[in-house]
Structure formats: structure tokens, C-alpha cells
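Structure first, commentary second.
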Amino acid sequence: MSICAFLQEPENEYEEKFNIPIATDSFFEECWKPAIEELNLEWVNVFSVGLDMVKEDLPFVMKELSLIKEWAKINLPNEKQEKIIERIELLEAELPNAFRREGAVVFIG
């Protein structure tokens, strides 16, 4: 299984195609979880079980993603570091676009 972000109840073609891959379950456990635990993060911690995210949650999630990215630069070997940073940067670039429409809900899980 894998964790990704997509829009619930899409209302147009863009929203139907919106899908951001985040991590396989095993990579999440191996590389994301240690950062989440060490940094005591709340929002990203529930990615593995599922998060219904609204626009107001975006700053909190983005802050935690930034913290994980910095943690990864110090604590992960190069190959895994590149992989996690690539996915975080994709989330940082694309996640704000999901909230073009008022009332949009992104499921991450």
C-alpha cells in the first residue's frame, strides 16, 4: 500500500486528476516515522491512518513537512534523503493548489 493525497468529492477534471504520491507504507515507517516521533509532530503523524485536510490546516501541515525535510538532511542516508525531500517538495508545491475551491477537502492517507 502507499500513502497519497487526493481531493475528496472532486468537482472538475483538475480535481479528479489531483493525486500526490507521498510514500509506500514501508518507506513511511522507515524514514518518515522516526522524524515524526523525534520532532513530536501531530499532523503528518496521521498520514498513515488518514487525514481529512481543509485549507485552514495547510500552514500546520506545511510547517511539519519543512521540519521533516530539515531532519532528513541530517539523519537519513543520501538515497533515502533525496527520496523523502523530493516528495516533500512535491507536496509543498502542489498541496496549496488543491484548495482553489472553497470547501475543498484533501484526504491524505
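At-a-glance table
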item: Region 89-105: number of residues that are aromatic (Phe, Trp, Tyr) and open to solvent by 50 Å² or more (accessible area, probe 1.4 Å); result: 0
item: Failed criterion for GLU29 (all others in (1) buried (at least 16 other Cβ atoms within 10 Å of the Cβ); (2) part of a helix (DSSP H, G or I); (3) touching a Ser or Thr at 6+ places or on another chain (Cβ under 8 Å) hold); result: (1)
item: Any hit, region 7-15, residues being among the hydroxyl-bearing types (Ser, Thr, Tyr) and part of a helix (DSSP H, G or I); result: yes
item: Conditions (1) in contact with a Phe, Trp or Tyr (Cβ under 9 Å, 6 or more places away or on another chain); (2) of a type in the set (A, V, I, L, M); (3) closer than 15 Å to LEU7 by Cα: number failed by LEU95; result: (1)
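Residues are listed down the side, and each one gets a yes or a no for (1) surrounded by 15 or more Cβ atoms within 10 Å (Cβ to Cβ); (2) in contact with a helix residue (DSSP H, G or I) (Cβ under 8 Å, 6 or more places away or on another chain); (3) small (Gly, Ala, Ser); (4) not in a helix (DSSP H, G or I):
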| position | (1), (2), (3), (4) |
| --- | --- |
| PHE47 | yes, yes, no, no |
| PHE60 | no, no, no, no |
| SER66 | no, yes, yes, no |
| GLU70 | no, no, no, no |
| LYS83 | yes, yes, no, no |
| ARG87 | yes, no, no, no |
| PHE107 | no, no, no, yes |
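The values are calculated or read from the model by the stated rules, or taken from the named source; none is laboratory data. This structure is a prediction, so every number in the text was calculated from the model and none was measured. Every residue, glycine as well, gets a Cβ built from its backbone with ideal geometry; the counts of neighbours run over all protein chains shown. Heavy atoms of the whole protein, side chains included, go into the accessibility calculation; ligands, DNA and RNA do not. Shrake-Rupley method; radii C 1.70, N 1.55, O 1.52, S 1.80 Å.
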